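Engineer: My structure is below; once you've seen it, I'll send some questions.
The values are calculated or read from the model by the stated rules, or taken from the named source; none is laboratory data. Quantities reported herein were computed from a predicted structural model and do not represent experimental measurements. Heads up, the Cβs are rebuilt from the backbone with ideal geometry, glycines too, and the neighbour counts pull from every protein chain shown.
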Amino acid sequence: MMGFIGELESCIPVSPAEEIPWSRIDQLLAGSGFARMKVTQQNPVFHGEGDVYTHTRMVCRELVRLPSFQELSGSQKTELFLAALLHDIGKVKTTRLEDGRWVSPQHSLTGSRIVRKYLWKDCGICGTQEMMLFRETVCALIRYHMLPVFLMDQEEPMRIVRKTAAVSEPGMDFSWHLLCMLAEADVRGRIADDMYTGQMQIELARMMAEEAGCLYGPYPFPDSTVKYAYLSGRNVQPDQTLYDDTWGEVIMVSGLPGTGKDTWIRRNHPDMQMVSLDGIRAELKIKPTDNQGEVIRTAQERAREYLRKKQPFIWNATNLTKDTRQKLIRLFERYGARVRIVYLEADEETRTAQNMGRTDAVPEDIVAGMLRKMTLPAPDEAQKVEWVCT
């Protein structure tokens, strides 16, 4: 039986003249909430065509008409076409009537999270490097699909261009080249008076990405120290030389329960000191579903003991959101440590079996909630970021 990606590939027109098979796509994406876009309204000033579903069909039609789309590789076409299909799925959750206008705040971020969970749980797109990179390319395109239009409204747009391009460093197909194509189709695929202005803004963004040296991939920073300093907002130039004054490395492991974090640590760093939240929970006899305040306080104090002694160690927990990771990274860096984040992923069958096989198994309904909120660590979060499939 053809898998999800194969089914989707067969729905992509081989030429601009070919029709998009919408009935097949409706069936293929039924589990994503795709049909609910038909009853999700938009501001008629910017979307005279009406509901989100109608807009989405227009966007996909415009996308396949772009000569640049026809020049893409097969996998890039599939990723970009899927991103176009689901780029506004977040509006289903976020749209509301405010002061007489339909608004959809944060729909891009919300949509990327909805799509990650859908592709992971419903479509099985997880657990291998190829599947992980495919999924995260689609999620990144959805997450940033509005950025080209509004780039010039941002502070330090050149830094934002390079920071966004860096998202692709783990090996994704994501690039400003693809992002601008999606944005162009998004602007063209609607009825509004500002379409020409939008297209000009996208062209400016494309030109800025080319000038910044990252239209087709990440900017080639001279080393990880400069890259992290620049992407994290420090007042440095992207090609200058910086002295790395850190004394050693703290490894932060990230991943859903059952992805094999303990196994990866035993295989790769068996002699390294570790602060494990699971271990502390077992010591204190606190369940994963109980209040975790005492666990966190104990873990942070043990981390400080290692940091005071300038002792490299591993912080072993789920660490699934950027906010959680950043609070810890700020602590580690205050003591002069260098941080390496290692994100681990397993296929869903293996992950579930490994989680349920533990004595302190995390209930799967809680894991599902973790997946809904999860964001994979990005290159701007630490000096070194790795994505590994176990």
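Engineer: For residues that are among the basic types (Lys, Arg) and touching a residue at least 12 places away in the same chain (Cβ under 8 Å), scanning just region 247-287, find the one that is farthest from GLU305 (Cα to Cα).
Structural biologist: Within region 247-287, the match that is farthest from GLU305 (Cα to Cα) is LYS287.
Engineer: Moving to a separate point now. Right, ASP173: touching a residue at least 24 places away in the same chain (Cβ under 8 Å) and under 19 Å from ALA83 (Cα atoms) or not? Before the answer, list the steps.
Structural biologist: Working: touching a residue at least 24 places away in the same chain (Cβ under 8 Å): yes; under 19 Å from ALA83 (Cα atoms): yes.
Answer is yes for this residue.
Engineer: Looking at region 37-63 only, could you name the residues that are surrounded by 15 or more Cβ atoms within 10 Å (Cβ to Cβ) and of a type in the set (Lys, Arg)?
Structural biologist: Correct list: ARG57, ARG61.
Engineer: Of these, ARG116, ARG24, which one is modelled with pLDDT of 95 or more and in contact with a Lys or Arg (Cβ under 7 Å, 6 or more places away or on another chain)?
Structural biologist: ARG116
Conditions tested, residue by residue: (1) outside the structural domain of LEU72 (by TED's automatic domain parsing); (2) β-branched (Val, Ile, Thr); (3) more than 30 Å from ARG372 (Cα to Cα); (4) modelled with pLDDT under 95.
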| residue | (1), (2), (3), (4) |
| --- | --- |
| PHE221 | yes, no, yes, no |
| VAL226 | yes, yes, yes, no |
| GLY233 | yes, no, no, yes |
| LYS310 | yes, no, yes, no |
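Engineer: OK, next. Given the structure, is VAL103 surrounded by fewer than 17 Cβ atoms within 10 Å (Cβ to Cβ) and more than 20 Å from ARG351 (Cα to Cα)?
Structural biologist: Answer is yes for this residue.
Engineer: Right, here's the next one. Spot the failing condition for ARG358; the list is (1) assigned to a helix (DSSP H, G or I); (2) more than 24 Å from the chain's Cα centre (by Cα), and only one is missed.
Structural biologist: Of the numbered conditions (1) assigned to a helix (DSSP H, G or I); (2) more than 24 Å from the chain's Cα centre (by Cα), the odd one out for ARG358 is (1).
Engineer: Being modelled with pLDDT of 95 or more and within 30 Å of GLY369 (Cα to Cα) narrows it down to one residue among LEU215, LEU204, LEU179, LEU151; which is it? Give the steps one after another, and end with the answer.
Structural biologist: Details: LEU215 fails: within 30 Å of GLY369 (Cα to Cα); LEU204 fails: within 30 Å of GLY369 (Cα to Cα); LEU151 fails: within 30 Å of GLY369 (Cα to Cα).
The match here is LEU179.
Engineer: Tell me which residues, restricted to region 30-51, are touching a helix residue (DSSP H, G or I) at 6+ places or on another chain (Cβ under 6 Å) and hydrophobic (A, V, I, L, M, F, W, C).
Structural biologist: MET37
Engineer: Just to verify a result, which residue in region 1-26, among those that are of a type in the set (S, T, N, Q) and more than 12 Å from ARG65 (Cβ to Cβ), is surrounded by the fewest Cβ atoms within 10 Å (Cβ to Cβ)?
Structural biologist: SER23
Engineer: Residues MET252, MET274: which one is out of contact with any helix residue (DSSP H, G or I) (no Cβ under 6 Å at 6 or more places or on another chain), part of a strand (DSSP E or B) and either charged (D, E, K, R) or over 17 Å from ALA382 (Cα atoms) (or both)? Walk me through how you get there before you give the answer.
Structural biologist: Values: MET252 fails: either charged (D, E, K, R) or over 17 Å from ALA382 (Cα atoms) (or both).
Going through MET252, MET274 in turn, just one is out of contact with any helix residue (DSSP H, G or I) (no Cβ under 6 Å at 6 or more places or on another chain), part of a strand (DSSP E or B) and either charged (D, E, K, R) or over 17 Å from ALA382 (Cα atoms) (or both): MET274.
Engineer: In addition: Name the pairs whose Cβ atoms lie under 8 Å apart, with the first residue in region 367-379 and assigned to a helix (DSSP H, G or I), the second of a type in the set (Lys, Arg), and 6 or more positions between them or separate chains?
Structural biologist: Close Cβ pairs satisfying both conditions: ALA368/LYS117; ALA368/LYS121; LEU371/ARG116; LEU371/LYS117; LEU371/LYS121; ARG372/ARG113; ARG372/LYS117; LYS373/ARG113.
Engineer: Is at least one residue of region 189-198 assigned to a helix (DSSP H, G or I) and within 19 Å of ASP380 (Cβ to Cβ)? So that I can check it myself, show each step before the final result.
Structural biologist: Looking only at region 189-198, we keep the residues that are assigned to a helix (DSSP H, G or I), and these are 195-198.
Restricting the remaining residues to those that are within 19 Å of ASP380 (Cβ to Cβ) gives none.
Within region 189-198 (the criterion being assigned to a helix (DSSP H, G or I) and within 19 Å of ASP380 (Cβ to Cβ)), the answer is no, since none of the residues qualifies.
Engineer: What are the residues in region 20-43 that are touching a residue at least 24 places away in the same chain (Cβ under 8 Å), more than 19 Å from LYS93 (Cα to Cα) and not in a helix (DSSP H, G or I), if any?
Structural biologist: Result: ILE20, single match.
Engineer: Within the group ARG57, ARG24, ARG113, ARG61, which residue is over 20 Å from the mean Cα position of the chain (by Cα) and over 23 Å from ARG188 (Cβ atoms)?
Structural biologist: Selected residue: ARG24, the only one of ARG57, ARG24, ARG113, ARG61 that is over 20 Å from the mean Cα position of the chain (by Cα) and over 23 Å from ARG188 (Cβ atoms).
Engineer: Please go through region 217-241 and give me each residue that is free of Cβ contacts under 8 Å to residues at least 60 places away in the same chain and not in a loop (DSSP other than H, G, I, E, B), ordered by number.
Structural biologist: Of all residues in region 217-241, those free of Cβ contacts under 8 Å to residues at least 60 places away in the same chain come to 217, 219-223, 226, 229, 234-237, 239-241.
Once the filter is applied, which keeps residues that are free of Cβ contacts under 8 Å to residues at least 60 places away in the same chain and not in a loop (DSSP other than H, G, I, E, B), region 217-241 yields VAL226, ALA229.
Engineer: Then there is this: Out of (1) assigned to a helix (DSSP H, G or I); (2) of a type in the set (Asp, Glu); (3) modelled with pLDDT of 95 or more, what's the single condition that is false for GLU283?
Structural biologist: Of everything listed in (1) assigned to a helix (DSSP H, G or I); (2) of a type in the set (Asp, Glu); (3) modelled with pLDDT of 95 or more, GLU283 misses just condition (3).
Engineer: Taking the condition of being in contact with a helix residue (DSSP H, G or I) (Cβ under 8 Å, 6 or more places away or on another chain) and either of a type in the set (Lys, Arg) or not in a helix (DSSP H, G or I) (or both), how many residues in region 55-80 meet it?
Structural biologist: Qualifying residue count for the region: 4.
Engineer: Residues that are buried (at least 20 other Cβ atoms within 10 Å of the Cβ), in a loop (DSSP other than H, G, I, E, B) and without any contact (Cβ under 8 Å) to a residue 40 or more places away in the chain: does region 154-168 have at least one?
Structural biologist: There is no residue in region 154-168 that is buried (at least 20 other Cβ atoms within 10 Å of the Cβ), in a loop (DSSP other than H, G, I, E, B) and without any contact (Cβ under 8 Å) to a residue 40 or more places away in the chain.
Engineer: Test of understanding: among ARG304, ARG325, ARG351, which residue is part of a helix (DSSP H, G or I), touching a residue at least 12 places away in the same chain (Cβ under 8 Å) and touching a Cys at 6+ places or on another chain (Cβ under 9 Å)?
Structural biologist: Within the list ARG304, ARG325, ARG351, the selection yields ARG351.
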